[in-house]
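Here is the structure we will look at, set down as structure tokens.
Read-outs: derived from the displayed coordinates by stated rules, not from any lab. What you see is a predicted model; the values in this text were computed from it and never measured. Quick reminder, even Gly has a Cβ in these numbers, built from the backbone with ideal geometry, and neighbours come from all protein chains shown.
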Amino acid sequence: MSGVTLNIQPDTGQLAQAAADHIAAQIRAKPDLSILVATGNTPMPAYAELARRVAAGELDCSRVTAVQLDEYLGVSDDDPRSLWGWMVRSFVEPLGIARTVRLENPAQFEAALQQLGGLDLAILGLGPNGHLGFNEPPSPPDAPTRTLEITPESLVSNAAYWGELAVPTGAITAGMDVILAACQTLLLVGGAHKRDILHAAVEGPETPEVPASFLRRTTLTVIADRVAWA
Ligand SMILES: O=C(O)[C@H](O)[C@@H](O)[C@H](O)[C@H](O)COP(=O)(O)O
């Protein structure tokens, strides 16, 4: 079943609370939830709120499986730019998650997902160019898990994460096919600079030029702050 639920929050703090509520409710309903986990800046306050709830004994994530969404090519585990490292530090460890699926290569990843029985939830951020993970435009809905060159626009947006360090130019990403097969998708969007692309994703035509526009084929919840929508 597909359908879009739009949840507009007054500010980024309440966006994080609403996102944590949404994710926590799904974990309570299915404690062995399998979750595709975005890094990037937008979800971090929500992950911190989930970690607070775990530490307070309000939420148990010990049976959850965390699945890696994307990674730069040629970056070792101890490199500060490792997206695996970012996911482990921000989500896996603070939530007490024991099981993970790492994205190493397309064949390994697809086999691991099959063994897992698919994804229950995909937590996603929205690229300024409409990308999901590193499914850069143009990405059709059947774009598979693959390695690719990061677009100049995403190199600029990713530079904000790493200070003086250069952004690697290659990446591997879970495919559009993997994301769109998730039982539910959650798109987290904050900031006025995302307004146009958010409207394109939610209201514009479905097009490979805006990969996020295909999320409407899934059971999609968008949680955004007011400036990203108004
Ligand atoms: O980092 C990731 O996991 C994704 O590769 C990326 O798709 C990200 O979610 C968007 O680029 C939005 O990033 P922000 O949340 O930092 O705006």
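Hey, what did the stretch 17-111 get for relative contact order, percent, Cα under 8 Å, at least 6 apart? Don't skip to the end; give the middle numbers.
On the way: 121 pairs, mean separation 28.5, N = 95.
Answer for the stretch 17-111 is 30 percent.
Taking Cα pairs under 8 Å and at least six residues apart, what relative contact order does the stretch 3-229 come out at, in percent?
It comes to 27 percent, rounded to a whole number.
So in the chain, what percent of DSSP beta bridges are antiparallel if you round to the nearest 5?
Beta bridges within the chain, antiparallel portion: roughly 25 percent.
What dipole magnitude, in Debye to the nearest 20, does the stretch 3-229 give about its Cα centre under +1 on Lys/Arg Cβ and -1 on Asp/Glu Cβ?
Computed about the Cα centre, the dipole is about 560 debye.
What's the extension gain from Asn41 to Glu153 if we count 0.36 nm per residue and subtract their Cα-Cα distance?
Additional length available on full extension: 38.7 nm.
Which whole-number percent gives the relative contact order of the stretch 48-155, counting Cα pairs below 8 Å spaced six or more residues apart?
Answer for the stretch 48-155 is 22 percent.
If you take the charge dipole of the chain about its Cα centre, with +1 on Lys and Arg Cβ and -1 on Asp and Glu Cβ, which of Gly13, Val189, Ala29 is farthest toward its positive end?
Most positive-ward Cα: Ala29.
What order do you get for Cys61, Cys183 when you list them from fewest to most C-beta neighbours inside 10 Å?
Result, fewest neighbours first: Cys183, Cys61.
Between Thr5 and Glu110, what is the label-point separation in nm under the 7 Å Cα-to-beta-carbon projection?
3.2
What are the GluC sites (Glu not before Pro) within the stretch 103-196 that DSSP puts in a loop, where the Cβ has at most 15 other Cβ atoms within 10 Å?
Glu104, Glu164
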